[in-house]
Amino acid sequence: MAEPIGAPRVLLRALHDIMATKESAQARLNKIVSQIASNMVAEVSSIYLRRPDGSLVLYATEGLHRSAVHYTRMKRGEGLVGLIADEAIPLALPDASLHPSFSLHPETGEDPFHAFLGVPILRNGHMLGVLTLQNMTRRRYSEEEVEAMQTVAMVLAEFFASDDMSDLVEQRSQSVSTGPDRIVGVALFPKVALGQVILHEPRVTVTRLIADEPFMEMTALEEALDSLRIGIDEMLSRGDVARAGEHRDVLETYRMFAHDQVWVNKLHDGIASGLTVEAAVERNQNEMRAQMMRSSDPFFRERLHDLDDLSNRLLRILAGLAVTSVGEELKENSILVARTMGPADLLDYDRDHLVGLVLEDAGVSAHVTIIARALGLATVGGVTGIVNKVQAGEMIGVDGFSGKVHIRPPKKVVALYSDKIIHQKKQLAYYEGLRDKPAITLDGEEVALGMNAGLEIDLPHLDDSGATSIGLYRTELHFMISEHLPRLNELTKSYANVLKTAGERPVVFRTLDIGGDKILPYLRHAHEENPALGWRAIRFALDRPAIFRTQIRALLQASGGNNLNILLPMIADIWEIEQARELINREVDHHQKFKREMPAKIRVGTMIEVPALIWQLEPLLKRVDFISIGTNDLMQFLFAVDRANMNVAHRFDTLSLPFLNALAGIEKVARAQGVEVNICGEMTSRPLEAMALVGLGFRSFSMAPMAIGPVKAMLLGLDANDIRHYINQLLCDNVLNIRTALVRFASERKLDISGI
Ligand code: PEP
Ligand code: MG
């Protein structure tokens, strides 16, 4: 007697037994369709499998003409079967012929059948084929029947993936993406790496599909859901550093979905239809992935993506595994692949073996990116869909210059990567050879090359880059990766360590530059329409002086006996300097009152990032000991381009008339008033740009540590007077394409402007 419809456990067992036999693939397929038809009380059951060109071929049938097997082919999107494959959703109709997509294939002999039920056969979100039922009567298939067929389809999908069915699935498996692939993301750190994938959140392979005891599966699901929810709540509530910025958003969405009844009901349905809890999670995941791949609505895709991540977490919990790979032993040349991750997680990986990082979500200013840069990892962000396209252990190439990521690269690409890595090593060895040489131009002009830093993990670069100072210490980075507002002692210890490591080399501490894209998760910050123009940096410090004063106190305590250089960020008007000085003086008084050792000298400078300062330079320079030009923000505000918006960030050139004229003007006034001027910001890290800046008269730079070698290599071949004349002429003549002219200048003089 047939198993009651909607409770296909007996059917699943029977299918399992058929699959386990040693018969040919076709013989087993024939038995499978016949078993399905009989159990589901249908006159017809058929399996259509997808070919590489997207068409669907009838591979087995019970009830249609056997002669149509391997003959009947639906073009991509053709008929009801094509529609199901395209949409990746089930379709149940009392009368198939009335549906607008219906197309008749007379050779199958399907004329007499009216009722139709088709479900997609999905694996890892990829469409393998379609499983159908047909009945002569115009009957309506119940939800339970649809559910049961989806469960059967899932079991079939696993069957097709098994080794002994590989002949059958070979052509289709190309769509399961096992071949080479290339995705272009956003280049975040200029290095090239080739190695093997480490999935930050590894996937679990589900091997147990059919449940013996549905009740036990339900209990296991409830327990796993509980620990999933508790885990997410803990992460959100304990103030983990992983909460910062976009990572927090992801966690909050996880929390919402972890309680989503529709999702949980789907998992219940899967178990009720005979699957194990793991298989029920995976079945639901497959359906979501298929919808995700077909949807063009970015919001919908994003939400499905979150649910997909959540399902992975649940599968890991069910398998009794840790949710992430943090702390695992890594093999040499490991490349971490994650959708997103917190900065602390990255720091917990074995740094000796990690060479690259590929992220789906992170952008230039994500906190994890800041850490990745400090660790010198080849980093690419914005690599949509990578997590689902790779398996742990597969080979991957990461090009942090172009933003290209090569998955399972073919031999030719591997060779290219290997060449690049050899070249990279040679270049690094060459720059290392220049490390202890002073940066002096051919005509004897010395240029100070300091480095930018912001975390204690940056400090080793002082020695390995040969930097003569820390020209910009971005103190906010410590605040950004902290779990809570750092306390006075913690700051004092950290700044003292920076000064101790720097020794004779000067350090310029920039006070907290938060706001804009630099958010502190533990501080309440009202939503701002234009955060880059908002309540940030010195504006925030003056309005909430407690944090600023704590920082100054820590700096005074840390630098007793040494020189202390304090740099104020985002100054737009002179009164801000005066107010800041007042706060600094109060802390100095406090320091003296306790008879603590005073710094040998306290120097206060300002960043020049806001164009308004250009027209108040003379009075400003009377009130500061030095200035430092932040070309990143100055460019952002001069050209009105959001530096974090990739659509516009590189639209205008720093080597352009307005920008270079602005810089030249600042340098001229500072020189006339005898005030020390430094220039920091990404522009200084590029040899061609650094060459132009030397031409404009700048002699003190601060840059990314790994740029020091290449910039020094350029300087050693440069005649400062030569470039001064050349660039002045370009500015005088209002030359519009300055970059081209400078490249020509460099190439005529065989200057090395290749960079890293
Ligand atoms: C700048 O704006 O150029 C700068 C160095 O500061 P930050 O990049 O930290 O804003
Ligand atoms: Mg800035």
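The values are calculated or read from the model by the stated rules, or taken from the named source; none is laboratory data. Quick caveat, the model's predicted, so the values are computed rather than measured. Neighbour counts run over all protein chains shown; Cβ positions are idealised from the backbone, glycine included.
Consider T550 carefully, then state whether it is of a type in the set (S, T, N, Q), within 15 Å of ligand 1 (Cβ to nearest atom) and in contact with a helix residue (DSSP H, G or I) (Cβ under 6 Å, 6 or more places away or on another chain).
Judged against the criteria, T550 is not a match.
Name the pairs whose Cβ atoms lie under 6 Å apart, with the first residue in segment 664-683 and over 19 Å from R603 (Cβ atoms), the second part of a strand (DSSP E or B) and of a type outside the set (V, I, T), and 6 or more positions between them or separate chains?
Partner pairs satisfying both residue conditions: G681/G630.
Which ranges mark the strands (runs of 3 or more DSSP E) fully within segment 53-154 that have 2 or more residues being assigned by TED's automatic domain parsing to the domain that holds K31 and free of Cβ contacts under 8 Å to residues at least 40 places away in the same chain?
Ranges flagged: 56-62, 91-93, 115-123.
Run down A600, A612 and say which single residue is touching a residue at least 24 places away in the same chain (Cβ under 8 Å), loosely packed, with under 15 Cβ neighbours inside 10 Å and within 16 Å of ligand 2 (Cβ to nearest atom).
Being touching a residue at least 24 places away in the same chain (Cβ under 8 Å), loosely packed, with under 15 Cβ neighbours inside 10 Å and within 16 Å of ligand 2 (Cβ to nearest atom) holds for just one of A600, A612, which is A612.
Would you be able to say whether some residue in segment 396-407 is at pLDDT below 90, farther than 14 Å from S334 by Cα and surrounded by fewer than 24 Cβ atoms within 10 Å (Cβ to Cβ)?
Residues of segment 396-407 that are at pLDDT below 90, as a first pass: none.
The answer is no, given that none of the residues of segment 396-407 is at pLDDT below 90, farther than 14 Å from S334 by Cα and surrounded by fewer than 24 Cβ atoms within 10 Å (Cβ to Cβ).
Looking only at segment 105-153, which residues are more than 19 Å from V57 (Cα to Cα) and of a type in the set (G, A, S)?
Hits for segment 105-153 are A115, G125, S142, A148.
Whether any residue in segment 693-700 is out of contact with any helix residue (DSSP H, G or I) (no Cβ under 9 Å at 6 or more places or on another chain) and under 29 Å from I457 (Cα atoms) is what I want to check.
Taking segment 693-700 first, the residues out of contact with any helix residue (DSSP H, G or I) (no Cβ under 9 Å at 6 or more places or on another chain) are 700.
Within this subset, residues satisfying the condition of being under 29 Å from I457 (Cα atoms) are 700.
Yes, segment 693-700 contains at least one residue that is out of contact with any helix residue (DSSP H, G or I) (no Cβ under 9 Å at 6 or more places or on another chain) and under 29 Å from I457 (Cα atoms).
If I filter segment 623-633 down to residues being at pLDDT 95 or above and touching a helix residue (DSSP H, G or I) at 6+ places or on another chain (Cβ under 7 Å), which single residue comes out as farthest from ligand 2 (Cβ to nearest atom)?
R623
For segment 414-448, which residues satisfy the criterion of being crowded, with 18+ Cβ neighbours inside 10 Å and closer than 22 Å to V337 by Cα?
Those that are crowded, with 18+ Cβ neighbours inside 10 Å and closer than 22 Å to V337 by Cα: Y417, I421.
When P409 is evaluated against the numbered criteria (1) of a type outside the set (V, I, T); (2) under 13 Å from D181 (Cα atoms); (3) touching a Ser or Thr at 6+ places or on another chain (Cβ under 8 Å), which criterion, by number, is the only one it fails?
P409 satisfies every listed condition except (3).
Going by what's in this entry, would R28 be described as in contact with a strand residue (DSSP E or B) (Cβ under 8 Å, 6 or more places away or on another chain), of a type in the set (K, R) and in a helix (DSSP H, G or I)?
The answer is no for R28.
Could you please find all residues in segment 659-686 being away from ligand 1 (no atom under 16 Å from the Cβ) and farther than 17 Å from N721 by Cα?
Listed by number, the residues that qualify are N661, G665, V669, A670, A672, Q673, G674, V675, E676.
So, in segment 178-235, how many residues would count as being in contact (Cβ under 8 Å) with a residue 40 or more places away in the chain and under 21 Å from the mean Cα position of the chain (by Cα)?
Within segment 178-235, residues that are in contact (Cβ under 8 Å) with a residue 40 or more places away in the chain and under 21 Å from the mean Cα position of the chain (by Cα) number 24.
Residue by residue, here is whether (1) within 15 Å of ligand 2 (Cβ to nearest atom); (2) crowded, with 22+ Cβ neighbours inside 10 Å; (3) touching a residue at least 12 places away in the same chain (Cβ under 8 Å) holds:
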position: S482; (1), (2), (3): no, no, yes
position: E504; (1), (2), (3): no, no, no
position: F509; (1), (2), (3): yes, yes, yes
position: R524; (1), (2), (3): no, no, no
position: G534; (1), (2), (3): yes, no, yes
position: Q551; (1), (2), (3): no, yes, yes
position: G560; (1), (2), (3): no, no, yes
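Can you pull out the strands (runs of 3 or more DSSP E) entirely within segment 317-430 that have at least 3 residues that are in contact with a helix residue (DSSP H, G or I) (Cβ under 8 Å, 6 or more places away or on another chain) and either within 18 Å of V197 (Cβ to Cβ) or outside the structural domain of V277 (by TED's automatic domain parsing) (or both)? Can you show your working first?
Values: elements: 334-338, 354-359, 378-381, 395-399, 404-407.
Passing ranges, in order: 334-338, 354-359, 395-399, 404-407.
Tell me yes or no: at least one residue of segment 274-291 is of a type in the set (G, A, S), modelled with pLDDT of 85 or more, not in a helix (DSSP H, G or I) and not assigned by TED's automatic domain parsing to the domain that holds R13.
Yes - at least one qualifying residue is present in segment 274-291.
Quick one: how many residues across segment 640-653 are within 16 Å of ligand 2 (Cβ to nearest atom) and at pLDDT below 95?
6
Looking at L583, L620, L567, L657, which is the one that is within 15 Å of ligand 2 (Cβ to nearest atom) and of a type outside the set (S, T, N, Q)?
L567
Can you find even one residue in segment 254-268 that is closer than 24 Å to H126 by Cα, touching a Phe, Trp or Tyr at 6+ places or on another chain (Cβ under 8 Å) and not small (G, A, S)?
yes
Taking segment 457-480 on its own, how many of its residues are of a type in the set (D, E) and surrounded by fewer than 17 Cβ atoms within 10 Å (Cβ to Cβ)?
Number of matching residues: 2.
Name the helices (runs of 4 or more DSSP H) wholly inside segment 558-657 in which the number of residues that are under 25 Å from G674 (Cα atoms) and of a type in the set (G, A, S) is 1 or more.
The qualifying helices (runs of 4 or more DSSP H) are 574-593.
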